[in-house]
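**Student:** One structure, pasted below without further comment.
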Amino acid sequence: MHTVDQLIVIVLFDQVDLLDVTGPPEVFHLARRETEEAAAYDVVLAAETMDPVVTAAGVRVLPDVTFDALASRSIDTVIVPGAVEPGDDGRLRPTVDPLVVRRVRQLSARARRMTSVCVGAHILAAAGLLDGKRATTHWSTAQQLAADHPAVEVDADPIFIRQGDVWTGAGISACLDLSLALIADDLGEAVALRVARQLVMYLKRPSGQSQFSVPLEQASTTRRIEDLRHYILRHIAEPLTVTQLAEHAHISDRQLTRIFKNELGTTPHAYIESVRVERARHQLESTDATLERVAAACGFGTLDTLVRSFRRRLDTTPTEYRRRFRTTPV
């Protein structure tokens, strides 16, 4: 393990989500403690002025430094938290303040790596830092991120994604997973796992760990697609083809594919695979069924297909997933 001397800047702005701001410093502090100060992380909260910043939770946070004061300093990591505000339609939308975007763009020119937490990805995207990259954000705003920034390849499933020197995290609590991943990148997996144990986290979730379950995805707007989704769930252990689903819905194969794309933003095959992976996850977490039985019960047919789907969807294997996340006694 090598000693690091790294300035970590967390961006502050009005109505920011509190845990996005306070979670990462706690993780980096524990890394210092676990390595007896070998991990020389220097975490500062930066804002436009030194006035207290009111978070979305109503808690006031005092900045350590202004953005202008950082102009001559070399920065290792910038963490961009998120915030939401009500839209005209009553739904919550990410807050993307042009001034904050400009400051983030300026900071990126002096930083080794840029990261975002939750809907902070919208700020990175507005700053042009996600163009041509794969990125994630909170699942509820993923479609908006993709619509607002076509140059960004949005993947709403993983809890965090690394693309070179740019990291994006999913939901608010995923800021802990992202911070652990940054520590692992700097100091190795062993240190990250020690910190995870201190946080009473279930070890350290891999980046491919899904941030939400398939049934929690945004509901579709048509009764036909909802019927198809329930049909898939009822018959998930059976072979499911586009033709079979089209016949059930009394439409053509082409119409079925178009409906899935418009309503769910995916193909029938990809959606079926996601449901099967979700079902397999639950079985691996809560049962002692063999991998072969899990594969059969979830419609994968063969163990090889199960393994390939897990690698594609979660960037891990069924065996590794069970080892990390099982809830039944061994």
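**Student:** Might you check whether a residue that is of a type in the set (A, V, I, L, M), closer than 30 Å to P25 by Cα and either assigned to a helix (DSSP H, G or I) or modelled with pLDDT under 90 (or both) occurs anywhere in the stretch 201-211?
**Tutor:** For the stretch 201-211, residues of a type in the set (A, V, I, L, M), closer than 30 Å to P25 by Cα and either assigned to a helix (DSSP H, G or I) or modelled with pLDDT under 90 (or both): present.
**Student:** Which members of the stretch 163-187 meet the condition of being in a loop (DSSP other than H, G, I, E, B) and open to solvent by 10 Å² or more (accessible area, probe 1.4 Å)?
**Tutor:** Result: G164, D165, G171, I172, S173.
**Student:** Which one of these does H250 not meet: (1) within 25 Å of the chain's Cα centre (by Cα); (2) on the phi > 0 side of the Ramachandran plot?
**Tutor:** Failing condition for H250: (1).
**Student:** Here's a check for you: in the stretch 139-162, which residue that is in a loop (DSSP other than H, G, I, E, B) and without any contact (Cβ under 8 Å) to a residue 60 or more places away in the chain is most open to solvent (accessible area, probe 1.4 Å)? Walk me through how you get there before you give the answer.
**Tutor:** Within the stretch 139-162, the subset in a loop (DSSP other than H, G, I, E, B) is 149-152, 155-157, 159.
Applying the additional criterion that residues be without any contact (Cβ under 8 Å) to a residue 60 or more places away in the chain yields 149-152, 155-156, 159.
Numbers: H149: 38, P150: 112, A151: 56, V152: 10, D155: 43, A156: 25, I159: 3 Å².
The qualifying residue most open to solvent (accessible area, probe 1.4 Å) is P150.
**Student:** Would you call A121 closer than 17 Å to D97 by Cα, modelled with pLDDT of 95 or more and not polar (S, T, N, Q)?
**Tutor:** yes
**Student:** Can you name the residue in the stretch 298-319 that is part of a helix (DSSP H, G or I), surrounded by fewer than 15 Cβ atoms within 10 Å (Cβ to Cβ) and not basic (K, R) and, of all such residues, is modelled with the highest pLDDT?
**Tutor:** D304
**Student:** Restrict the check to the stretch 39-55 and report whether at least one residue is outside any strand (DSSP E or B), out of contact with any Asp or Glu (no Cβ under 7 Å at 6 or more places or on another chain) and modelled with pLDDT under 90.
**Tutor:** No, every residue in the stretch 39-55 fails to be outside any strand (DSSP E or B), out of contact with any Asp or Glu (no Cβ under 7 Å at 6 or more places or on another chain) and modelled with pLDDT under 90.
**Student:** Here's a follow-up. List every residue pair whose Cβ atoms sit under 6 Å apart, with the two residues 6 or more apart in sequence or on different chains, where the first one lies in the stretch 258-283 and is within 20 Å of A142 (Cα to Cα) and the second, anywhere, is at pLDDT below 90 and assigned to a loop (DSSP other than H, G, I, E, B).
**Tutor:** Hits for this filter: E263/S220; E278/S213.
**Student:** Would you confirm whether or not the stretch 65-73 contains a residue that is open to solvent by less than 60 Å² (accessible area, probe 1.4 Å), closer than 28 Å to D131 by Cβ, of a type in the set (A, V, I, L, M) and touching a residue at least 40 places away in the same chain (Cβ under 8 Å)?
**Tutor:** The answer is yes, given that some residue of the stretch 65-73 is open to solvent by less than 60 Å² (accessible area, probe 1.4 Å), closer than 28 Å to D131 by Cβ, of a type in the set (A, V, I, L, M) and touching a residue at least 40 places away in the same chain (Cβ under 8 Å).
**Student:** Which members of the stretch 261-288 meet the condition of being surrounded by 16 or more Cβ atoms within 10 Å (Cβ to Cβ) and either among the aliphatic types (A, V, I, L, M) or assigned to a loop (DSSP other than H, G, I, E, B) (or both)?
**Tutor:** Scanning the stretch 261-288 gives L264, G265, I272, V275, V277, A280, L284.
**Student:** Can you tell me which residue is surrounded by the most Cβ atoms within 10 Å (Cβ to Cβ) among those in the stretch 83-108 that are at pLDDT 95 or above and within 30 Å of A39 (Cα to Cα)?
**Tutor:** V104
**Student:** Do any residues in the stretch 34-60 that are in contact (Cβ under 8 Å) with a residue 40 or more places away in the chain and farther than 20 Å from D20 by Cα have Cβ atoms under 7 Å from those of residues that are surrounded by 12 or more Cβ atoms within 10 Å (Cβ to Cβ) and among the small types (G, A, S), where the two are at least six apart or on different chains, and which pairs are they?
**Tutor:** Sorted first by the residue in the stretch 34-60, then by its partner, the pairs are A39/A31.
The values are calculated or read from the model by the stated rules, or taken from the named source; none is laboratory data. The shown structure was predicted, so the numbers you read here are calculated from the model rather than taken from an experiment. All Cβ positions, even for glycine, are placed from backbone atoms using ideal geometry, and neighbour counts span all protein chains on display. The area values use the complete protein model at the heavy-atom level, side chains included, leaving out ligands, DNA and RNA. Shrake-Rupley method; radii C 1.70, N 1.55, O 1.52, S 1.80 Å.
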